[in-house]
Structures are given as C-alpha cells and as structure tokens.
Amino acid sequence: MSALIPLPSPSPAIPVNTTIPFADLLPDLLELRHDLHAHPELAFAEHRTAARVAEAMRGLGLEVTTGIGGTGVVATLRNGGSRRSIGLRADMDALPIVETSGLPHASRHPGAHHGCGHDGHTTMLVGAARHLARTRDFDGIVHFIFQPAEEGQGGADAMIKDGLFERFPCDAVYALHNWPSLPLGTAQTRPGPIMAAADRFEIVVQGRGGHAAFPQTTPDAILAASHLVLQLNTIVARDIDPTESAVLSVTKVEGGHAHNVLPARVVVIGTVRSFNPQVQDRIEARLREVAAGVAASTGTRMEIDYLRYYPATINSADEAAIALAAAAAAGLKSAMAPAPAFTSEDFAFMLQARPGAYLWLGQGRADPGADGEHPLHHPGYDFNDDALPLGIAWFAALVERQLPAAS
C-alpha cells in the first residue's frame, strides 16, 4: 500500500494542509463523483452510470464485462501468477427522491437523487482500480463489481443469478457504505449480523362497504384495520424472545373516500426487520395468525402479501477481522461495531454466496451544522468528498493484504 502523500494544491472538497492518500487521483475523481451525483439513475436504469464506469475501467486496460444482472459492470485486474481472487463491490443506483441540496452538482433528473452516497461508493471503487492498476502491489485477481439496483430491487441477487460468481470467481467479497453518524476517519464492522433482513407486508382488509349511517349492515373494514394495527404492534413485544432483536412497523394505512361511506377495502402496509431467520419465521407466522383472528372477529376478509426481499447481511468472522485490519492499515481508526443496524442491504445476497464482510466508513463532519450534513435518504444529503481517499485506501489495503505480492 502506498504511503500518505501531501495534497499538492487546494481542493474545494479536501481541507488544505491535510495529508491524504492518492492525492493526484482526486481531481478527476471529484469530477466523476459530482457528475454521477448530477445524473442519478434509478434501479436497473443505470445506463449512463454503467457506461461511465465501463469507460473508466477500459481506460485502465482492465477486462470489462457489462450487462450483468441488467446494468451491472465487472472489471477484472490481474497481476502475477496467483489464482487467488477477491471481489470488491460498489452500488450505483439512486433513490426516487427530489433533491433539495441546492448544490452546483445537484440532481438534474427530477425525482432521482443520490441520497445514499452510491455515487461516492462507485467513485471510490474506480479510484481503487486506478491505484491498483498503476502500483500492482499484489499477486492475484481483483474483480471490481459495480452493482445496480441496491435500493430495494435486489440488484445483487440479479447479478448472482446471471452467473456473477461462476463467471468471476471470488475467494471473498467486500463492500462498504458511508456512515454519517461515524466521524470521518473511522470505520466499523463486526462478525455475524451487521444489517437486518427486510420484509414487506401488505394486508388488504376486505368488507362490503355501505352507508356510514347504517354500520350494522356491513363489516367495518376501517375498524378491523384499526384492531389489526394495534395487534400487529404487540407481536415483537409479546411473541419474540426479549434477547432477540426485531422491529415491526406499520407505515401506511389507506382506505375510504367520503365522510359518509364505510369503505369496502382498507390496505395496511409495513415492514419487519430481524437478524435471526427463526425470529423472521415466527413474526410472519404470528402476523398471519393475528390477521386471521381479527378477520374472524370483525366479519372481514384479510388478504396477505408477505415479501422477504432482503436477507440479513451476515459477515463471516475471518473476513470481518480482515476488513478491520485493512482499515487500520489504511490509516483509519477501526473498531468493532457495537451492534448491527436495522437498515437492510442487498450485499447480503453476495455474503450468502461467498465469504466476505461489509464495512461502515465514517464520513461525519466535525461541524455538521455548518456543513449542512443530512442523514442517509434525506432530500438534502450529499456524500462527503473528504471520505473518497479513505475508501480508496481501504479497498487497496484489502487487496494488498489478501493478495500479497510474491517476495
């Protein structure tokens, strides 16, 4: 891994007089990051983003394959004679949010916004490829995996089903996510669960509908939905072992059109987050039982659609330790994450297929109020460019530690 080098000239994104790695790469990378931010693309529509990534990788002389899992890109860098391999993943998609940051590089696509920092993740992985392509201080094969559709659409699963790991074998696979609640220059992960499984439920409460003045003539779907919401919120508290962690949240109740009409149909929608598959099974089973019970007591019918769209993100123990050691080697203050997060991540599919680890990279600013920092998925969020060289350093350290050059 290269040593830290002084920043040669002032940068609007990186503080002057700061020692950072890969400083000569930063101007082009800043341009790339801001360009990606200005042109966000939603799940499986990352055509321009994928084209920019492919062009950048081909410019380095890497083997580039496009169209994996839809709009995914894999670039391969080989050095030396070893067949050992590592996969490094970045997500490319944006969120369906109207951006309110007011920045010069704000979204030019109404209704799409890089509100989770995937533009930064993509840029860091491009930067790591540039660094490794010129230093070649490793012996083996690096697959740079640029994934579409992380935001709830299962792009990782699509790439795997399209033969990702058969076509590009990886002994281990790694990814990171910027983490605004951690200070810049820090990193955390842990063995075992690091992010939750995400389930979505939609329950249609079906009555007959009728005049509000004659409630005795029709099952009341709104009253049934109200009972249902109350009962659902007891499942975690009364049916799950207190030593386990889980969340069930009802997030939408929709029904009715007029003040004097009892609607025939009310929809209840929500999410379940958990870490243990047995807990996940128990919650789904109890949700169905509760819905059946409310339906029986209110004379309504319940139609349930329960979707387990992301499994829990579970790090393998050895790779979690490697991820933390690489963070320390990259000059980051690395620490064991005290607990997993209830947010979800479709990198989970890759960790089901291969050993690996997922890292939280701190990007919190020293003075969040002055810098206008916002949390992930906020309309005013913008990735902290000061984290770019830190992510590059971590990716590079992973490769150089896992694929050491022959002495």
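The values are calculated or read from the model by the stated rules, or taken from the named source; none is laboratory data. None of the values given here were measured: they were computed from a predicted structure. Note that each Cβ is placed from the backbone with ideal geometry, even for glycine, and that neighbours are counted across all protein chains shown.
List of remarks:
- Candidate set from region 204-233 (those that are free of Cβ contacts under 8 Å to residues at least 40 places away in the same chain and not aliphatic (A, V, I, L, M)); member that is nearest to Arg286 (Cα to Cα): Asn233
- Residues that are under 19 Å from Gly391 (Cα atoms) and not assigned by TED's automatic domain parsing to the domain that holds Gln280 number at least 2 in the following strands (runs of 3 or more DSSP E) confined to region 125-215: 140-147, 173-183, 186-189.
- Check on Thr343, within 20 Å of the chain's Cα centre (by Cα), surrounded by fewer than 17 Cβ atoms within 10 Å (Cβ to Cβ) and β-branched (Val, Ile, Thr): yes
- Ala296 vs. criteria loosely packed, with under 14 Cβ neighbours inside 10 Å and either part of a helix (DSSP H, G or I) or touching a residue at least 12 places away in the same chain (Cβ under 8 Å) (or both): yes
- Residue in region 55-73 that is under 19 Å from the mean Cα position of the chain (by Cα) and more than 24 Å from Ala172 (Cβ to Cβ) present: yes
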